[in-house]
Amino acid sequence: MRSTIEPVLWRFQPADATHSRGKGICQNDKQTSSPHGSSIPVSTESVHNGIAMNDAINILIVEDESAIAEMLSVGLSQAGYSPEIVQTTRAARVALAEQVFHLALIDWMLPGGSGLELVRTIRSDRKLKHMALMIVTARTAERDITTGLDAGADDYVLKPFSPRELNSRIKALLRRTMQSDDEQPLTNGALSLDPQSHRASVNGVTVEINHTEFKLLRHFMMNPDRVYSRAQLLDSVWGPGTFIEERTVDVHVLRLRKALRAADLDDAIETVRGAGYRLIKEPTQTS
């Protein structure tokens, strides 16, 4: 198990959070008390560390526990974001149809449907699939974490969580998402990957892979023939601080290899004994 972060639990009195908006107010770097008495870290740093932000960054909070939703809303508002709270997957779909959001924080267990299904729905929607998604949940089992990430979540945060850690991960996730929006298609031999359409192909034929395997393949294709250790791949693909075992990398590499072999690209990813994995340069089809 990778290193953990000391959890800090924000405690709030219940509030009515059926459908509410926060105010995007940026304050100085200090511990600022919420109306309920909890301390929330606020940063003077630009929301996206150098990326111009003339418009508000809209964040959708999908959380049915009013106390947690209100806590998240207050913290995000003080950090300079514009949050909106909904409590059900149905309300989330309505909000997504009415407004553009840059990021969604989604609880797993929700009334009227699971947050996991909402993640899958968003990823399958052509207009929404590039939105940053973060699951915030008390489900701590490794199989739940990998299931959430495979479904399309970009990050997975465990309750209770550190306020500063959550804020840092939100900034890092938004930064990665905005950078990926500018990515150009990648080509390596017969293998092609288009970050904009989220499509991988071998000689024009689509390779069927899930969200995590797509990110893994993209990372390999950015530096073909470079060897990456399991720890490096976890940090780069799953994100630093993700609570999963390094053997999870082996499982996803195996799945990615299987998908590439189905397209007659048998030996594209090599195992380097004692070091990790690499994508060979200019892989060719075997038939």
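A few comments on the model shown:
- Looking at region 111-243 alone, DSSP beta bridges between its own residues are antiparallel in about 70 percent of cases.
- Basic side chains Lys and Arg get +1 at the Cβ, acidic Asp and Glu get -1 at the Cβ, and with that the dipole of region 225-287 about its Cα centre reaches some 80 debye.
- Net charge contributed by nearby residues that have their C-beta within less than 14 Å of T88 (K/R +1, D/E -1): -4
- Think of region 127-223 as having a plus end and a minus end, set by charges on the Cβ of Lys, Arg, Asp and Glu; of H211, L149, P163, P163 sits farthest toward the positive end of this dipole.
- Summary value for region 190-236: 23 percent relative contact order, contacts being C-alpha pairs under 8 angstrom separated by 6+ residues.
- By average C-beta atoms within 10 angstrom, highest first, the peptides 82-95, 226-239: 82-95, 226-239
Any read-out appearing in this document is the output of simple, stated calculations on the displayed coordinates, not a laboratory observation. Not measured: the values here are computed from a predicted model. Positions of Cβ are backbone-derived with ideal geometry, glycine not excepted, and every protein chain shown enters the neighbour counts.
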